[in-house]
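Reviewing the structure listed below.
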Amino acid sequence: MARDFFTVIEKQQIRQAILDAEKKTTGEIQVHLERHARKPLAERAREVFGILGVSRTKARNGVLFYLAIEDHQFAVLGDSGIDKVVPPGFWDQIREHMEHLFRQGRFTEGLCDGIRMAGDQLAEYFPISQHDENELPDDISFGNQ
């Protein structure tokens, strides 16, 4: 089951990485795990992006980390607001860094690093504001158990 892929402590580390990143930005970060994508990866990641409401943030600055664990695939998607401002190849850099760590079996570290990298860019272009509200849950979500 996807829910059992990370230990309780690892889930806490991932959640803390999300909280730390979101302390510096109005952006929102979501992590979603499934056993199988059951569709082409990009199609399923976009579908989950919509289901989780990542595209409904006020500034369109949500980011999704989608992992299909038994397919050994993952995607990192940014909404239109963040996509307009990050440098070309930014999402590829995150994916390459994460993939390098994933290939070593360092899944928690890879995911937390990716979250931090995305959070740094979100903070640069969408710094925290006095009236910021947490628009999306910070816990990992799970699909097709």
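The values are calculated or read from the model by the stated rules, or taken from the named source; none is laboratory data. Note that this is a predicted model, so its numbers are computed, not measured. Methodologically, a virtual Cβ is constructed for each residue, glycine included, from the backbone with ideal geometry; neighbour enumeration extends over all protein chains shown.
Within the range 42-59, identify whether any single residue is aliphatic (A, V, I, L, M) and surrounded by fewer than 14 Cβ atoms within 10 Å (Cβ to Cβ), and answer yes or no. Yes, the conditions are met somewhere in the range 42-59.
Ala17 is checked against (1) surrounded by fewer than 20 Cβ atoms within 10 Å (Cβ to Cβ); (2) hydrophobic (A, V, I, L, M, F, W, C); (3) out of contact with any strand residue (DSSP E or B) (no Cβ under 8 Å at 6 or more places or on another chain) and fails just one. What number does that condition carry? So Ala17 meets the others, but not (1).
Against the list (1) without any contact (Cβ under 8 Å) to a residue 40 or more places away in the chain; (2) over 14 Å from Val76 (Cα atoms); (3) among the hydroxyl-bearing types (Ser, Thr, Tyr), the condition Thr57 fails is (1). Considering Ile82, Ile29, the condition of being surrounded by 22 or more Cβ atoms within 10 Å (Cβ to Cβ), at pLDDT 95 or above and closer than 27 Å to His131 by Cα is satisfied by Ile29 alone. Screening Pro137 against (1) at pLDDT below 90; (2) touching a Leu at 6+ places or on another chain (Cβ under 7 Å); (3) of a type outside the set (D, E, K, R) leaves a single unmet condition, (2). Restricted to the range 98-130, and to residues there that are assigned to a loop (DSSP other than H, G, I, E, B) and free of Cβ contacts under 8 Å to residues at least 12 places away in the same chain, the residue that is nearest to Arg15 (Cα to Cα) is Arg106.
Taking the numbered list (1) out of contact with any Asp or Glu (no Cβ under 9 Å at 6 or more places or on another chain); (2) closer than 27 Å to Asp4 by Cα; (3) touching a residue at least 40 places away in the same chain (Cβ under 8 Å) in turn, Asp138 passes all entries but (1). Right, Val63: at pLDDT 95 or above, under 24 Å from His131 (Cβ atoms) and crowded, with 18+ Cβ neighbours inside 10 Å or not? Spelling it out, Val63 is indeed at pLDDT 95 or above, under 24 Å from His131 (Cβ atoms) and crowded, with 18+ Cβ neighbours inside 10 Å.
Residues in the range 1-25 that are under 17 Å from Asp139 (Cα atoms), in contact with a helix residue (DSSP H, G or I) (Cβ under 8 Å, 6 or more places away or on another chain) and either hydrophobic (A, V, I, L, M, F, W, C) or in a loop (DSSP other than H, G, I, E, B) (or both): Ala2, Phe5, Phe6, Ile14, Ala17, Ile18, Ala21.
Hey, could you check the range 26-49 for residues that are touching a residue at least 40 places away in the same chain (Cβ under 8 Å) and in a loop (DSSP other than H, G, I, E, B) and say which is farthest from Ala75 (Cα to Cα)? By that ranking, first place goes to Thr26.
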